[in-house]
Structures are given as C-alpha cells and as structure tokens.
Amino acid sequence: MRYLVMVQGSQADYDAMNGRASAHSPAWSEEDLRAMFAFMGKIGEDLAASGELIDANGLAEPAQTLWVSSGPDGVPVITDDPYGETTPLPAGYWVLDCATPERVTEIAARITHCPGPEGLTGHPVVIRPILDSGAEAAGGRVTS
C-alpha cells in the first residue's frame, strides 16, 4: 500500500527556523538545523535502502502559498498567504510503499523524534493512504 506521510509546520515554525522566535516556537540555532537535516537525511537514506521510498520533499513556507478558488462568476480568485501565523500545514512529505499499516505507523513514530531546539513542541505526523482509483474514494460505488 502507498501512503503519504506528512510533517506539519506553521509560518511561525518556519520563522523560528530562520532564527525568529515567537510565543509558538523557539528560535532554531545552526546546530539545531544541522541536527534536524541530518536526522531527516538518515530517514530518507534508510527508506531508500529498504525500497519503501517513492518520493520525499520539503515544502516552502506557508507565506508562499497561493490559494486558487472559483469566484461567484466562475473566474478564478487567487489569494496570497491565506493562512494565519500558527495554522499547521504540510511542511514536508514522503510517499512510501509499505507492506502494512503498522510499518508506516512505525516510520511516522520515528519521524516524531526529530531533534529541534529546547522547548519545541512537535506537530503530529499525518498518514494518508493513497488510493489506487477513484472508486476507492467513492467507497467502491463507481464502476468502469
């Protein structure tokens, strides 16, 4: 089964990683960043070696987000940075091919141990199964 595994982060978290602490997130030092990147790199290496890694990437800060919706007249409406300072959003992801739900949960639990500055409270790691067809999303009600 394929899974999307996501770590969460808010704009305040990204700001803290750039040395700007807030009430929501302590500032990260260069040492904290190196430890985090080494930890994430090791996870990626291990998942590649096990054959479970399909793809992985970090995402740009929420301030760079664009939200495209349909206006009342059907014309697209584009909103810059539609999220608040502390709204958790996907900050990075892995697409994994794991034999069991227990295995992907084991990987997610490992990710929760990512190092960071003292006082950091982590966000949960989100696991979403990737469906193979639209029929699965519709509870099997769609047939070809």
- Could you give the size of the charge dipole of the chain about its Cα centre, using +1 on the Cβ of each K and R and -1 on the Cβ of each D and E, expressed in debye and rounded to the nearest 20? 340 debye
- Task: Pull out a ≥ b ≥ c, the square roots of the eigenvalues of the alpha-carbon gyration tensor of region 4-43, then state rounded if a/c is under 1.5, prolate if not and a/b is larger than b/c, and oblate in the remaining case.
- Result: oblate
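Hey, what D do you get for region 1-78 in µm²/s if you plug the Kirkwood alpha-carbon radius into Stokes-Einstein at 10 °C and 1.306 mPa s?
For these conditions, the coefficient is 102 µm²/s.
Hand me the chymotrypsin sites (Phe, Trp or Tyr not before Pro) from region 57-112 located in a DSSP loop with no more than 16 other Cβ atoms within 10 Å, in residue order please. The partial results should precede the final answer.
Values: sites: W67, Y83, Y93, W94; in loops: Y83.
Within region 57-112, the qualifying chymotrypsin sites (Phe, Trp or Tyr not before Pro) (loop, at most 16 other Cβ atoms within 10 Å) are Y83.
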- Name the most mobile residue of G116, G71, G92, meaning the one with the largest mean-square fluctuation, in a Gaussian network model of the chain with Cα contacts below 10 Å. G71
- Note on the structure: Compactness check, the chain: C-alpha Rg relative to the 2.2 N^0.38 Å globular estimate gives 1.23
- Message: Quick check: Cα centre of region 98-126 to Cα centre of region 1-34, how many Å?
- Response: 14 Å
- Task: Treat each spin label as a single point 7 Å out from the Cα along the C-beta direction, and report the A109 to H24 distance in nm.
- Result: 2.9 nm
- Message: I want to verify a result. In a Gaussian network model of the chain, Cα cutoff 10 Å, which of these has the top mean-square fluctuation: S70, S25, S50?
- Response: S70
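We did not get these values from a lab; they are worked out from the coordinates using the rules stated. Note that the coordinates shown come from a computational prediction; the quantities given were computed from them, not determined experimentally. Because the Cβ atoms are built from the backbone with ideal geometry, glycine has one as well, and the counts that use them run over all protein chains shown.
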